[in-house]
Each structure stands twice: as C-alpha cells, then as structure tokens.
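See below for the structure under consideration.
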Amino acid sequence: MTGTDPSDGDLEPLAARLREALGEDAVVVAPGPHYRGDQADPGAAGTRFVLVLPHDVEGVQAAMRIAHEAVVPVVPRGAGSGLSGGAVAIDGGIVLGLERLSAIREIDVLDEVAVVEAGVITADISAALSPQGFFYAPDPASAAISTIGGTIATNAGGLHCAKYGVTRESVLGLEVVLADGTLLRTGHRSLKGVTGLDLTQLLIGSEGTLAVIVAATVRIRPLPVARRTVLARFTTTAQATGGVNAISRSPVRPAATELLDVGAVTDIDAHNGSSLGADPELGVPSSTGAVLLIELDGYGIEEQAADLTRALREVGADVRVVDDEAEAAHLWELRRSSRAAGGGRARLGEDVAVPKSRLAEMVDRIEEIGRRHGVATSAVAHAGDGNLHPSLSLPGVPEDPSGTLPAQILAAADEVVRAALDLGGTISGEHGIGTAKQRWLDLELSPVSRELQRRVKAAFDPHGLMNPGRAL
C-alpha cells in the first residue's frame, strides 16, 4: 500500500491531501450519521470515514486520483435513498457525495434530450422541463429526494415503467470518473447509436462498483395531452390479478397499473384513515377489497377509459373513472403511502419481479409462505411489469431499533425470493443488490456469468476500490 494507510486509525493525513486538492469545505472527517448509510442499512456506529463533497467534476477526479494512489475504498453516494444497502460507508474509506453537482446543463426539445449532473434531484428534471412541455419519464417513489446519479447507478424503476421503461430506457450517454480519476464519456446524444460495446448500459445499474457517474444525457418526452385515473375494486386479490390479465388482453396500455392486495389496502386505510377499500356507492364493503389503481395518458383518453372499463368489468371489477384531479392526486398519494403503512412492527419490505402472466401465482405463493411461517403478508405491485413489493411482518412484535429481524421473517423472505426465481423472475426488480441481496446472487446468475462480471469489474477497477463488497 502506498500513500495514506487508513488502517492506522488516523484519517487526518488522507483528509489533508483531499483538502489541499478540493478545498477546506469539501472534506469532512467526522460527518453525521446521515452519510453513513442508506434507507436499507444505516451503517455501523463508529465507522470511520472521510466525507468528500466535490463542487465540480474536476473535484471528483482529484478525489479519485488521491484514493487510487492511497489505495482507499470509495463509496459513491447520491441522496442515500437506496433500499439495498448499496451506499454504506466503509471503515477507513471515502464517502464521495455528489450532491453539489446539481446543474441542469442543457435542455434541447428538438433533440429531445437534457444534460444533467449527477446531483440533480430526479423530480427537479421534470419541473424544469414542464414549462417547455416535456417531462422525464422515470419516476421512482423517491423522486422527490433521490438524485439522478443514484437512480442511474441503481437503474431505478417506478410507477410508469410499464409504459416508459426503467431508467436505462431514458439514458443515452454518461459522463463518469474511473477509479484512477480518468474522465470517460460514453454513449451519444442521438437517439440511435451502435458504435462499439455499449458501456453506457453496462454502467447503468452497476451501483458504483465500476465508476462514479457525474453527468448524464437523458431522453425527455412531450407531456401527455391528457391523463386519467381509473380505480378498480375487487372482492379478492385473485380477482384483481385477473384484472391485470384482462388489461394485457385489451388494446389499452396504461402509463401505470398498481395492484394493492387486500392486506395492503387494509394497512393503507388504517394508516391514513382512508377508505381506499370501500365505496358504498359501488357496494364494496369496507376494507375487504383489493384495488387496481391505473393511470392512462395520451390522446384518445375517453376511448382508452371506455375500453379499459369494459375489460375490467368483464372480470368482475367495480370500476370508476376519476375525473376530479384533486381526488386522483389523493388516490396516488395513498398508493405512495404504502411503504409507511403497517409500520411500528417487525417488518421487511421485499422487491422481486416475475413475468406479469405469473403475477397471480406469485401472490398465491407469498400468501402460502406467510401462513406456513406465521408471518402476515401484504403486497403492492407495479402490476404492469410484474414487479412486486411484498411486506412480511409480525403484528404485535415491535420493530427492533437495531434493524434485526425475527427468524420467521427472514425465512419467509428467502422463500419469497426463491419463489420468484421459480416462476421465471428475478431477485430484484428495481431496488438493486447492494449488500441486502447478495446471498441470492448465485441462485440467479450462473458461475460463468459471475466470473465474467468479476473480470469486467477488474478491468474498470483493478485495485477493487469502487464500492467494494457491493452488488457483485
């Protein structure tokens, strides 16, 4: 090892080198716990690390050069909103925060692209585009707080993935800093381009293990001329999954199709004092039904709503087209509250995906697994693309402040992940691998694939300094 050795317990020599290169205000030796972890893993108390907050791309390059020379691990960080433990500080290492790289460099409506720096808040892109009649399609639940660099690093999803795709479908090119501080530009500005190996797509979803994303050229789209929310209620969750299949057979392709099973609807109503699962006018009894919450957009909105209503009623749904914008906004806010609903008890939120034709089978498997382990289950799903977020909990058992989960929940989670794979799915639909899902990697990836990915990692990061021990 050359340069500063963090193993001696003194981070000050490393910090001094970083301050000299980046300035006093860009380096913090004793940062608060906010920078220690993410939403899934708060990090271990007592972890020693240097927080670096560069003002510009050149500052990122300087920090990476110093880390490379000193052989110090680096954890790239956006807003810490991740749900897989992918941005947790490493003892003796650097946490490289990108929040100050917050410029929207360019908006070009003729080319339908925007160039944004990594620290731009995801929702702020659409806010900047809206006056020009455009928007940025990817919309993870964390859009109001997550940064675009973090969503690209995790290939984040969201409600509108079924129609507009996940983050990778909206990224044309990247500006990244490699492990040794070299600046690399990948991809292109044009909507088409097939020159060379596609390094852009390789870097998307790599969770900071290959390079530091500092800017991106993203595709933007015209704002839809109309939007309409449709609320479909079903007596049982099985009927609701039948509704998803009915949509697939129809000519309508919603922008978002969200399924909330009976347990999720019950939790949401209890948490919010709402009546999502009840509508006396439709004859649906209180808090016993499952729900499909659907958004349509684009031209021919009335025709879309009529076709969708017909398809859903044929499979037994009580359907209401919501014309009032305030009511529609409230319904979507209830959907977004599902993560908080059912809190206060020992609970684990999972993230798996299956082919959407197997959604009903996956819901059945989740319920059966829960019964066998004595674990309460509920699920919300981005049903339009088969991505489920099962909740596994033990009512009456309080949440452990340390984050430790009961054995029953962990055993049930293991079976849920294996069930998704058995149905042709994947261990993570949109949250990424981080540290939380590494134990299942070998179930999905072959030894040949795993070894090849290790070799790719070594080509980008020969010293293994980029977010080591994560994702791969």
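Once you place label points 7 Å from the Cα toward the Cβ at LEU441 and SER357, how far apart are they in nm?
3.2
Would you list the P(r) distribution for the range 26-106, with all Cα-Cα distances sorted into 10 Å bins from 0 and each bin expressed as a whole %?
Percent of Cα pairs in each bin: 19, 51, 26, 3, 0.
So what's the projected area for the range 345-433, the Cα convex hull averaged over all directions, in nm²?
5.4
How big is the range 5-54 by Rg and Dmax over its Cα atoms, in Å?
Looking at the range 5-54, its Cα Rg and Dmax stand at 11.7, 34 Å.
Any chance you could run the full-extension gain for GLN132 through GLU12? It's 0.36 nm times the residue separation minus the Cα-Cα distance, nm to one decimal.
That pair, GLN132 and GLU12, stretches by 38.4 nm at full extension.
7 Å from Cα along Cα→Cβ at both GLU327 and ALA238: what's the point-to-point distance in nm?
Once both label points are built, they end up 3.1 nm from each other.
Search the structure for amide H atoms under 5 Å from the amide H of ARG345, placed 1.01 Å from N in the peptide plane, and list their residues when 5 or more places away or on another chain.
GLU399
Once you mark the trypsin sites (Lys or Arg not before Pro) that are in a DSSP loop and have at most 15 other Cβ atoms within 10 Å, what is the longest gap between them in the chain?
193-472
Tell me which label goes with the value of Cα Rg over 2.2 N^0.38 Å computed from the coordinates here: (i) 2.30; (ii) 1.42; (iii) 1.01.
(iii)
Determine the gain in length on full extension of the stretch LEU183-ILE301; use 0.36 nm per residue of separation and subtract their C-alpha separation, reporting nm with one decimal.
37.9 nm
Students often forget the sequence filter, so: which aspartates and glutamates lie under 13 Å Cα-Cα from LYS163 once same-chain residues fewer than 8 apart are removed?
ASP139, GLU258, GLU295, ASP297, ASP385
With the contact rule set at Cα under 8 Å and sequence spacing of 6 or more, what percent relative contact order holds for the chain?
Relative contact order for the chain comes out at 15 percent.
Give the calculated FRET efficiency between ALA407 and HIS34 to the nearest 0.05, with a Förster radius of 35 Å applied to their Cβ-Cβ distance.
E(calc), rounded to 0.05, equals 0.70.
What is the calculated FRET efficiency for ARG418 to ALA458, with r their C-beta to C-beta distance and R₀ = 35 Å, to the nearest 0.05?
0.70
Apply the Karplus curve 6.51 cos²θ - 1.76 cosθ + 1.60, θ = phi - 60°, to the phi angles in the range 151-165 and return the couplings in whole Hz, x for Gly and Pro.
5, 6, 4, 10, 6, 4, x, x, 5, 9, 4, 4, 9, 9, x
Quick one: net charge around GLY298, please, counting Lys, Arg +1 and Asp, Glu -1 for every other residue with C-beta under 15 Å from its C-beta.
Taking every Cβ under 15 Å from that of GLY298, the sum is 0.
Roughly how many nanometres apart are two label points built 7 Å out from the Cα toward the Cβ at ARG227 and GLU58?
So the two model labels end up 4.1 nm from each other.
With only alpha-carbon pairs counted, each pair once and no self-pairs, how large is the Kirkwood hydrodynamic radius of the range 104-222 in angstroms?
Final number for the Kirkwood radius of the range 104-222 is 14.1 Å.
Please give the charge dipole size of the chain, origin at the Cα centre, charges +1 on K and R Cβ atoms and -1 on D and E Cβ atoms. Round to the nearest 20 debye.
Dipole size: approximately 800 debye.
Values in this text are rule-based calculations from the coordinates and carry no lab data. Here the structure is a predicted model, which means the values were calculated and not measured. Neighbour counts are summed over all protein chains in view; Cβ atoms, including those assigned to glycine, are modelled from backbone coordinates with ideal geometry.
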